[in-house]
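Asker: Before I ask anything, let me first share the structure, which is written out below as structure tokens.
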Amino acid sequence: MTELKNDAFVEKAKGAVEEGAGRLKDAAGGLTGDLGMQAEGKVDQLAGMARQEFAELYEEGESRLEKAVLFVQDRPLMSVGIAAFVGMLLGLILLPRRKAKG
């Protein structure tokens, strides 16, 4: 799990670098009047921000998964009971009921 956290940190860093490079391109394009470079800079900024957000969401998902795994390891019987109850409820909700003949 530590390796996955490092990957998320690296992705955040790459996103920050990409966003910074985009800001520089945007500023340079604005100073020189190059609309193409300015547009590329804005796209790079958005891509960097999106990469950072994705890394944060990935970290949150990993944290929740770790909590679920620990819960199952600590309380295996309760976990099986919860899974059985949820399965029964889904079966009752999703499967069509037979109509009584009569």
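To keep it simple, each residue is scored yes or no on (1) exposed (fewer than 13 other Cβ atoms within 10 Å of the Cβ); (2) among the basic types (Lys, Arg); (3) free of Cβ contacts under 8 Å to residues at least 12 places away in the same chain.
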{"site": "Lys25", "(1), (2), (3)": "no, yes, no"}
{"site": "Gly30", "(1), (2), (3)": "no, no, yes"}
{"site": "Gln38", "(1), (2), (3)": "no, no, no"}
{"site": "Arg51", "(1), (2), (3)": "no, yes, no"}
{"site": "Leu65", "(1), (2), (3)": "yes, no, yes"}
{"site": "Pro76", "(1), (2), (3)": "yes, no, yes"}
{"site": "Ala84", "(1), (2), (3)": "yes, no, yes"}
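Asker: Separate question: Considering region 6-46 alone, what residues qualify as being over 15 Å from Glu56 (Cα atoms) and either in contact with a His (Cβ under 9 Å, 6 or more places away or on another chain) or polar (S, T, N, Q) (or both)?
Answerer: Within region 6-46, Thr32, Gln38, Gln45 qualify.
Readers should treat all values here as calculations from the given coordinates under stated rules, not as data from a laboratory. Just so we're clear, the structure is a prediction, and the values are computed from it rather than from any experiment. Backbone-built Cβ (ideal geometry, glycine too); neighbour counts: all protein chains shown.
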